[in-house]
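The values are calculated or read from the model by the stated rules, or taken from the named source; none is laboratory data. Not measured: the values here are computed from a predicted model. Heads up, the Cβs are rebuilt from the backbone with ideal geometry, glycines too, and the neighbour counts pull from every protein chain shown. Keep in mind that these areas ignore ligands, DNA and RNA; they rest on the heavy atoms of the full protein, side chains included. Shrake-Rupley method; radii C 1.70, N 1.55, O 1.52, S 1.80 Å.
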Amino acid sequence: MVRHHTNTTVHRKFLKVYGVWLFVLGVLTIFYFYRNIQGTSSLPTEENDYYKESKQTDTFVFEGEKIVHLDLKGAPPKLIFYSELFPLLAELGATGILIEYEDMFPYSGELVNISAHNAYTLDDINTINNLANKHNLKVIPLIQTFGHMEYVLKLAEFKELREITAYPQVICPTHQRTFTLIMTMLDQLIRAHPNIEMIHIGSDEVYYLGVCSRCSEFMLKNNLSKNLLFTEHVNSVVGIINKNFPKLRVLLWDDQFRSFSSKDFEMANLNKNIEPTVWKYSRDVYDELGPSLWNGYQNIFPKIWIASAFKGATASNDFVSHITHYLQNHQSWLSVVQEYRNRINFQGIIITGWQRFDHFAILCELLPVGIPTLAMCLRILLGFNDSPLSPPIEVAKLLKCEQPYALIGPVFGSPRCAFPGGDVLENVLHLQQLKQEYESIVDDSRVRGWMDDYNIARAFSSPSYVEAATESVDRLKFELDQLDTDITEALLKIYDEYTVEEWKETYLNPLRQKVNKLCRARKILLEKDVWPRRPLKNDEL
C-alpha cells in the first residue's frame, strides 16, 4: 500500500507539471496566432482570387482539375446542404464533383429495387446538377460496373449474377444478363446528367475474377488470363458508352492494371478512351507507387488521373478525420506529379471522401466532419506551403472558425465553426472528447482493480477507490444525454432521420450504454457499508 500511495503522489506531481506545460504552450500558441493574424491580409473575396494568390508562392501548384468526391452510400445529404456546400467548394479551389450515388440513384423499370427507399428523385438530381453548374463545378457521376456491386448483387433477383454465389461484391462478366444490366444502369444514370463530359465506371478491387465455372470455361476457350478477362469486360462497357454517348470520356480506377505485364497490356488492346485514376491514400505515395508503375502507364494511357483522400481512408470506424495523415497524402502526391509531369499527362486529381468502406460497412467520417481537412488539402494543391502543425488562418476565416488551432487537435479546445455543417463537427468532436474521458476512466488502475466484474457481481469493493475513480461519471452521463439532443438537431439539418439514427446507433449509443453500465456498477458498489467474510458468493446467483 505504501508503494501505491507513493506512485499516486508522483503521478499527481507529474500531472501538475504537465498541466503547467500545456498552459504555457497554449499561451505561446495564442500569442503566435494573434501576432500572425494581425499581419495576415484579409481573405480574398473573389473565388478566383483564392487561386491567384497561390501563384505567388514558391511551391508547386497542381494545375489539373480538382474534383471532390461525394460518396452518398446510405447517407444522402438534403438538397439544401448542396446549395451551401457548392459555393464553398468553388471558393476553396475545387473545379468539380465526383458523385458516387450507389443505391441513392432513382433507378426505374426493372431496376427499381436497386434504389434505397430514401434515394433521390430525378428532380433532386436535376437540382444538384443545376447547383453545381451555377458554381462552375463539373459533375462526374460514378457507377460501379465490376467490383463493389454489393448494392445490386445483394438482392435476390440479381443473385445469379455473382461471380461467387456466397459473396455479392463482384459481378460475373460472362453471365448473359450482366451486360444488359450494366448497359441499362449506365443509360439511366447518364441520361439523368445530360450535360456531363465524363463518367467514372469504378472497376476497383475486383477481388474474385475468373472463379465461377462459366468464367473458367470462357477463359479456357478463348485462351485468356484473369487480367485479359478483366479488360474484356472493361472494353465491352467502354465500347457501349462510346457507341451510345460518343462524346463522353471514361474514367476508371487503376488498381487492377497494376499487376499487368507489358505483354498483358499489348494483348488487352485497351480502348483508347480509357482514362485510369491512380489511387493511393497512404502518407507516402511517392515510394509506394514506384517508377515501374509510371513507366508502364506512360506508354499505355494518353491521359491519367490521380486520387487522394480527405476522409474515409484510415479506418472503417473512424468518425473523426486524421488531418495530418491526409495532408501528408496530398503533399506526397504533389511530389509524384512534380517528378513525372513531363512524362505523364495528368488530367486532374479526385479528392476522395469515402462514406463507408463498402455497402455493408458502417458509416465513417461524415462529410461535414471532413470539410476542414478538405480545405487544407485543397490549399496544398493550390501551392500554399502551410505548416502541418498549424491550420492556415485563411482556412479558419473561410470556414468561420473562432479557434483555428482546435481544427488540428483537441488540446486547443473547440473550433466553433460556422461553415455548412460546422455544428455537426462541433458535436462530433465533443463526442470524441467524452469517449476519451470514458476510456481514461476505465483504464484507471482503480477501476481495473476495484470495479472488475468480479467486484460488481459480489458488491464487494472499497468505497474510497470507487468514488475517486468515478467522480466524473455522473457529469459524463449528463453531457452525453445533452449531446444526444444537440447532435440530433445538427445532423437533421443535413441528413434524413435514417442516417441520423444509424450514426447515433453506431457511435453515440454504445458509449452511452457503457457509461450507464459504469454508473450502475458505481451505485451497486457504493450501496454497501458492510461486507462478508471470504469466500465470497455471487449476489447475482
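Name the single residue, out of those in the range 408-461 being among the aromatic types (Phe, Trp, Tyr) and within 30 Å of residue 386 (Cβ to Cβ), that is modelled with the highest pLDDT.
Start the filter on the range 408-461 by keeping residues that are among the aromatic types (Phe, Trp, Tyr), which leaves 412, 419, 438, 450, 454, 460.
After this cut, where a residue has to be within 30 Å of residue 386 (Cβ to Cβ) as well, the list is 412, 419.
Numbers: 412: 75, 419: 97.
Result: 419.
Where in the range 217-302 are there helices (runs of 4 or more DSSP H), lying wholly inside it, with at least 3 residues that are out of contact with any Pro (no Cβ under 9 Å at 6 or more places or on another chain) and touching a residue at least 12 places away in the same chain (Cβ under 8 Å)? Steps first, answer last, please.
On the way: elements: 226-244, 262-268, 285-288, 291-298.
Per the criteria, 226-244, 262-268, 291-298.
Only one of 499, 506 is surrounded by fewer than 16 Cβ atoms within 10 Å (Cβ to Cβ) and touching a Leu at 6+ places or on another chain (Cβ under 9 Å); which?
On the way: 499 fails: surrounded by fewer than 16 Cβ atoms within 10 Å (Cβ to Cβ).
Criteria check complete, one pass: 506.
The rows are residues; the columns are (1) open to solvent by 30 Å² or more (accessible area, probe 1.4 Å); (2) at pLDDT 95 or above.
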{"position": "241", "(1), (2)": "no, yes"}
{"position": "245", "(1), (2)": "yes, yes"}
{"position": "250", "(1), (2)": "no, yes"}
{"position": "258", "(1), (2)": "yes, yes"}
{"position": "268", "(1), (2)": "no, no"}
{"position": "273", "(1), (2)": "yes, no"}
{"position": "281", "(1), (2)": "yes, yes"}
{"position": "286", "(1), (2)": "yes, no"}
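Against the condition within 26 Å of residue 248 (Cβ to Cβ) and open to solvent by less than 60 Å² (accessible area, probe 1.4 Å), how does residue 277 come out, does it pass?
Details: within 26 Å of residue 248 (Cβ to Cβ): yes; open to solvent by less than 60 Å² (accessible area, probe 1.4 Å): yes.
For residue 277, the condition - within 26 Å of residue 248 (Cβ to Cβ) and open to solvent by less than 60 Å² (accessible area, probe 1.4 Å) - is met.
Let's see how each residue does on (1) surrounded by fewer than 18 Cβ atoms within 10 Å (Cβ to Cβ); (2) in contact with a His (Cβ under 8 Å, 6 or more places away or on another chain); (3) of a type in the set (Phe, Trp, Tyr); (4) farther than 23 Å from residue 524 by Cβ:
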| position | (1), (2), (3), (4) |
| --- | --- |
| 440 | yes, no, no, no |
| 446 | no, no, no, no |
| 449 | yes, no, no, no |
| 457 | yes, no, no, no |
| 462 | yes, no, no, no |
| 482 | yes, no, no, yes |
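Identify all residues within the range 321-330 that are surrounded by fewer than 20 Cβ atoms within 10 Å (Cβ to Cβ) and in contact (Cβ under 8 Å) with a residue 24 or more places away in the chain; write none if there are none.
324, 325, 328
State which residue pairs qualify: first residue modelled with pLDDT of 95 or more and inside the range 462-476, second residue among the aromatic types (Phe, Trp, Tyr) in any location, beta carbons under 8 Å apart, and separation of 6 or more residues or different chains.
462/450; 465/450; 466/450; 469/450; 476/438
Under 32 Å from the mean Cα position of the chain (by Cα), β-branched (Val, Ile, Thr) and under 17 Å from residue 351 (Cα atoms) - does that describe any residue in the range 241-257?
Among the residues of the range 241-257, not one is under 32 Å from the mean Cα position of the chain (by Cα), β-branched (Val, Ile, Thr) and under 17 Å from residue 351 (Cα atoms), which makes the answer no.
Going through the range 173-210 one residue at a time, which ones are in contact with a Phe, Trp or Tyr (Cβ under 8 Å, 6 or more places away or on another chain), of a type in the set (Val, Ile, Thr) and more than 15 Å from residue 237 (Cβ to Cβ)?
Selection gives nothing.
Check whether at least one residue in the range 365-373 is under 22 Å from residue 491 (Cα atoms), buried (at least 24 other Cβ atoms within 10 Å of the Cβ) and among the hydroxyl-bearing types (Ser, Thr, Tyr), and report yes or no.
Yes: one or more hits.
Limited to the range 400-432, what total is found for residues that are farther than 20 Å from residue 380 by Cβ, open to solvent by 50 Å² or more (accessible area, probe 1.4 Å) and outside any helix (DSSP H, G or I)?
So the count comes out to 4.
Just checking, how many residues over the range 195-219 are open to solvent by less than 30 Å² (accessible area, probe 1.4 Å) and either among the polar types (S, T, N, Q) or over 24 Å from residue 124 (Cα atoms) (or both)?
Of the residues in that region, 8 qualify.
Let's see how each residue does on (1) part of a strand (DSSP E or B); (2) of a type outside the set (Lys, Arg); (3) open to solvent by 10 Å² or more (accessible area, probe 1.4 Å); (4) modelled with pLDDT of 95 or more:
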site	(1), (2), (3), (4)
131	no, yes, yes, yes
141	yes, yes, no, yes
147	no, yes, no, yes
157	no, yes, yes, yes
168	yes, yes, yes, yes
176	no, yes, yes, no
182	no, yes, no, yes
193	no, yes, no, yes
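Of the residues 435, 397, only one is surrounded by fewer than 17 Cβ atoms within 10 Å (Cβ to Cβ) and either of a type outside the set (Asp, Glu) or outside any helix (DSSP H, G or I) (or both); which?
On the way: 435 fails: surrounded by fewer than 17 Cβ atoms within 10 Å (Cβ to Cβ).
Going through 435, 397 in turn, just one is surrounded by fewer than 17 Cβ atoms within 10 Å (Cβ to Cβ) and either of a type outside the set (Asp, Glu) or outside any helix (DSSP H, G or I) (or both): 397.
Would you call residue 528 surrounded by 12 or more Cβ atoms within 10 Å (Cβ to Cβ), in a loop (DSSP other than H, G, I, E, B) and of a type outside the set (Val, Ile, Thr)? Break it down into steps so the answer makes sense when it comes.
Working: surrounded by 12 or more Cβ atoms within 10 Å (Cβ to Cβ): yes; in a loop (DSSP other than H, G, I, E, B): yes; of a type outside the set (Val, Ile, Thr): yes.
Judged against the criteria, residue 528 is a match.
So in the range 377-391, with the set limited to residues that are open to solvent by 10 Å² or more (accessible area, probe 1.4 Å) and either outside any helix (DSSP H, G or I) or under 13 Å from residue 405 (Cα atoms) (or both), which one is modelled with the lowest pLDDT?
Residues of the range 377-391 that are open to solvent by 10 Å² or more (accessible area, probe 1.4 Å), as a first pass: 380, 384-390.
Next, from what is left, pick out any that are either outside any helix (DSSP H, G or I) or under 13 Å from residue 405 (Cα atoms) (or both): 384-390.
Numbers: 384: 89, 385: 80, 386: 75, 387: 70, 388: 61, 389: 67, 390: 69.
By that ranking, first place goes to 388.
Among (1) in a helix (DSSP H, G or I); (2) loosely packed, with under 13 Cβ neighbours inside 10 Å, there is one condition residue 486 misses while meeting the rest; what is its number?
(2)
Taking the conditions exactly as written (in contact with a strand residue (DSSP E or B) (Cβ under 8 Å, 6 or more places away or on another chain) and under 30 Å from residue 359 (Cβ atoms)), does residue 487 satisfy them or not?
No.
Does residue 99 fit the bill of being modelled with pLDDT of 95 or more, surrounded by 22 or more Cβ atoms within 10 Å (Cβ to Cβ) and on the phi < 0 side of the Ramachandran plot?
Working: modelled with pLDDT of 95 or more: yes; surrounded by 22 or more Cβ atoms within 10 Å (Cβ to Cβ): yes; on the phi < 0 side of the Ramachandran plot: yes.
Here the answer is yes, as residue 99 does meet what is asked.
When you scan the range 334-357, how many residues do you find that are in contact with a Lys or Arg (Cβ under 8 Å, 6 or more places away or on another chain) and either open to solvent by 10 Å² or more (accessible area, probe 1.4 Å) or assigned to a helix (DSSP H, G or I) (or both)?
Adding up the residues that qualify gives 4.
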